[in-house]
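Notes follow once the structure below has been shown.
Derivation of every value follows stated rules applied to the coordinates shown; laboratory data play no part. For clarity, every value in this text was computed on a predicted model and none was experimentally measured. A quick note on method: Cβ atoms are made from the backbone with ideal geometry, for glycine too, and the neighbour counts reach across all protein chains shown.
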Amino acid sequence: MHQLRDLMSRDVKVINPDMTIRQAAATMRDEGFGMMPVGENDRMIGTISDRDIAIRAVAEGKDSSTKVRDVMSDGVAWAFEDESVDEAVKIMSERQVRRLPVVDREKRLVGIVSLGDFAVQRTEIQPAAEALAEISKP
């Protein structure tokens, strides 16, 4: 059974909560991410997604200078790097997320895992497919 540290991407970028949503959106566009962790003082305090920007900012008439902290999602879902793929799939399914920050036992951000990372491992295709089916439900 694979641990998350075996599959996760260690090249994780973090958004500062005092960045504007315009800066966050540009970073997400340039990096090709739909969701990024928000970090402050070496801790994850939330996540920002393209959906957060669209629903909590644009749809509410906020301008592009709005701070990330004003529209981010708090209550971050995450998993430990030594947890199993099955545990991560369960968390992602319950929280309806496609990307999951990964932390070490000191709760420091060390990576990020996506459903696509699971599909890379032939033995993990079925759990990833099941999670995608659950997450994609309306």
>> Cβ-Cβ distance below 9 Å, separation of 6 or more or different chains: which pairs start in the range 1-28 with a residue that is closer than 15 Å to Leu109 by Cα and end on one that is of a type in the set (Ser, Thr, Tyr) and surrounded by fewer than 19 Cβ atoms within 10 Å (Cβ to Cβ)?
In response: Leu4/Ser84; Lys13/Thr27; Ile15/Thr27
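Filter the range 52-105 for residues that are assigned to a loop (DSSP other than H, G, I, E, B) and hydrophobic (A, V, I, L, M, F, W, C); which is surrounded by the fewest Cβ atoms within 10 Å (Cβ to Cβ)?
Filtering the range 52-105 for residues assigned to a loop (DSSP other than H, G, I, E, B) gives 59-66, 71-72, 74-78, 81-83, 96-98, 104-105.
Of the ones still in play, those that are also hydrophobic (A, V, I, L, M, F, W, C) are 59, 71-72, 76-78, 97.
Details: Ala59: 9, Val71: 21, Met72: 23, Val76: 19, Ala77: 16, Trp78: 20, Val97: 20.
Out of the qualifying residues, it is Ala59.
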> Only one residue in Ile112, Ile91, Ile53, Ile45 is of a type in the set (A, V, I, L, M) and farther than 19 Å from Val14 by Cβ, so which one is that?
Replying inline: Ile91
> Does Met44 fit the bill of being part of a strand (DSSP E or B), among the aliphatic types (A, V, I, L, M) and touching a residue at least 40 places away in the same chain (Cβ under 8 Å)?
Replying inline: yes
